[in-house]
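So the structure is just underneath, and the comments pick up after that.
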Amino acid sequence: MDYHKRLDMVEMFKEPPEYKPPGTAEELACSVDYPNMNSLQYRMTRKATQNVLHPCLEHVARNGNGQIIVAGNDLMGRRWGSSFYGWESAEEVLDDSKVSFKRQCRYCITALQFTKDPNLFIIGTDKGSVELWSTRNEARGEGYSLYLVDGQSEHIEGVSAMDLIEGEENKLITGSHDGCLKVWNYAADLHSTTTMAMAHTDAITGLSTNREDNMMFASSSLDHSALLWDLRKPRPASALFDGHNFGFTTVYWTTRKEANCIVALGDEAGNVHFIDIRQPDVPTHSVKVFNKKIHKISFNGTQFVVLGNTNQARFYDENLALLHECTPAPNYLRDVVWENSDSKEKSSCWLVGWDTFFQKVEY
């Protein structure tokens, strides 16, 4: 090879002096001399990020003091993001004049939950990170002072499920789209203590802890299986419901006051199955709720609500009798938070959904 005749690549690809595209978006839109400037035009016309609650409301969490956080994702723009807002009570939600704190994020929020400390909450993201946030601290003075305590990015794919482990220790579990499970400790910082890299062979869709035994929890997955976990055992996982015809989309472990420690599983076909952990793989009861996949199951005493990929909510009692059915939202319903009521005749909850939907339902 004659190196004296080689091309000067730097000179070859250097921007020529006569290359002078329009400097404003208006001039660029009218120019036919520079047709391939789409990215430049987008950067010129992109609006500045506004501190707003994004309309696809996905998650809601409330602490023991009644303070509430609502998280919404922006799923309609070129760059997805999210935001979360805090209020003193559920009645104040969506009132901008009464917002206690708010935050814009450059990721989508996939999980949200308050800890046992009413001033701490944890979020999971589609980037695979888990973040511990504080709403106030005595060292920072009175009132709200939102700040990030710690954040760790240990999941390879996005966090898809999360739940707190009851007990004296501050622990939680997270699952991701790559089938990985992690157990975390949180306090002054956030760090993982146990990793099950291949807990499932597909995305983990739900995690629910046994609130009467802080070493046990259940997991559901799109790999058509649900597993029962006991962290005291050297091989902690055992089959809860294996070889189902459809993938499982959510799980809820009831208490003795709710359904005698029965695990409820929702699947892609719109069914809810109830499994006794003493007799796995055999549902004690099953009920067809929707024609679309189940998104969430939530209990309040012996009653429970089921949300799916619809704008409907259906409420049942312990005998699987339909108590109430409503279609309050224009789009998908995504989450629910129950009202604490002393009345045995009426029950109520707040439903959260897309198109900035937040509404109370009584039945």
Report summary line: Magnitude of the Cβ-charge dipole (Lys and Arg +1, Asp and Glu -1) of the chain about the Cα centre, nearest 20 debye, reported as 200
Query - Choice from Tyr19, Tyr107, Tyr147 with maximal GNM fluctuation in the chain (Cα, 10 Å cutoff) - result: Tyr19
Query raised in the report: Considering only protein heavy atoms, what per residue accessible area in square angstrom results for the stretch 109-193 with a 1.4 angstrom probe?
Result: 42
Query - Computed [θ] at 222 nm, deg cm²/dmol, the chain (DSSP H ≥ 4; -39,500 (n - 2.57); rounded to nearest 500) - result: -1000 deg cm²/dmol
Query raised in the report: If you add up the charges near Asn245, with Lys and Arg at +1 and Asp and Glu at -1, over every other residue whose beta carbon is less than 11 angstrom from its beta carbon, what do you get?
Result: -2
Requested in this report: Using a cut-off of 15 Å between beta-carbons, work out the net charge of the residues near Val352 (Lys and Arg +1, Asp and Glu -1, Val352 not included).
Outcome: -2
Query raised in the report: Which percent of Cα-Cα pairs in the chain sits in each 10 Å bin, short to long?
Result: 5, 21, 29, 21, 10, 7, 5, 2, 0, 0
Report task. Just need the relative contact order of the stretch 56-362 here, percent rounded to a whole number, with Cα pairs under 8 Å and 6+ apart. Result -> 10
**Report entry** Cleavage-rule hits, trypsin sites (Lys or Arg not before Pro), the stretch 245-301, DSSP coil, Cβ neighbours within 10 Å at most 12
**Finding:** Arg278
Requested in this report: Could you state the orientation-averaged shadow area of the convex hull built on the Cα atoms of the stretch 88-238, in nm² to one decimal?
Outcome: 10.2
Query raised in the report: Ignoring ligands and nucleic acids, what accessible area does Met44 show with a 1.4 Å probe (Å², nearest 10)?
Result: 70
Requested in this report: Whole Å is fine, so just give me how far the alpha carbon centre of the stretch 95-167 lies from that of the stretch 291-327.
Outcome: 28
Requested in this report: Considering only Lys233, Lys116, Lys20, give the residue with the highest GNM mean-square fluctuation for the chain, with springs between Cα atoms whenever their separation is below 10 Å.
Outcome: Lys20
Query raised in the report: Tally Lys and Arg at +1 and Asp and Glu at -1 over the other residues with C-beta under 11 Å from the C-beta of Ser160: what net charge comes out?
Result: -4
Query - About the Cα centre, charge dipole magnitude for the stretch 252-330 (Lys/Arg +1, Asp/Glu -1 at Cβ), debye - result: 140
Report task. Give Lys127/Lys346; Lys102/Lys182; Lys127/Lys257; Lys293/Lys346; Lys102/Lys292 a once-over and call out the pairs whose C-alpha atoms are over 31 Å from each other. Result -> Lys127/Lys346; Lys127/Lys257; Lys102/Lys292
Query raised in the report: Which ³J(HN,Hα) values, rounded to whole Hz and listed in residue order, are derived for the stretch 119-132 from phi using the Karplus coefficients 6.51, -1.76 and 1.60 in 6.51 cos²θ - 1.76 cosθ + 1.60 with θ = phi - 60°, glycine and proline given as x?
Result: 9, 10, 9, 10, 10, x, 10, 6, 8, x, 9, 10, 10, 9
Query raised in the report: Considering only protein heavy atoms and a 1.4 Å probe, what is the carbon-and-sulfur percentage of the accessible area of the stretch 115-170?
Result: 40
Query raised in the report: Ranked from highest to lowest mean number of other Cβ atoms within 10 Å per residue, what is the order of the peptides 63-75, 324-336, 92-104?
Result: 63-75, 324-336, 92-104
Query raised in the report: Using a Gaussian network for the chain with springs between C-alpha atoms less than 10 Å apart, which of these wobbles most: Pro280, Pro236, Pro17?
Result: Pro17
Report task. Once you have a ≥ b ≥ c as the square roots of the Cα gyration tensor eigenvalues for the stretch 26-165, tell me rounded if a/c is under 1.5, and otherwise prolate or oblate according to whether a/b is larger than b/c. Result -> prolate
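The values are calculated or read from the model by the stated rules, or taken from the named source; none is laboratory data. Keep in mind the model is a prediction, meaning the values are calculated, not measured. Heads up, the Cβs are rebuilt from the backbone with ideal geometry, glycines too, and the neighbour counts pull from every protein chain shown. Accessible surface areas use protein heavy atoms only, side chains included; no ligands, DNA or RNA. Shrake-Rupley method; radii C 1.70, N 1.55, O 1.52, S 1.80 Å.
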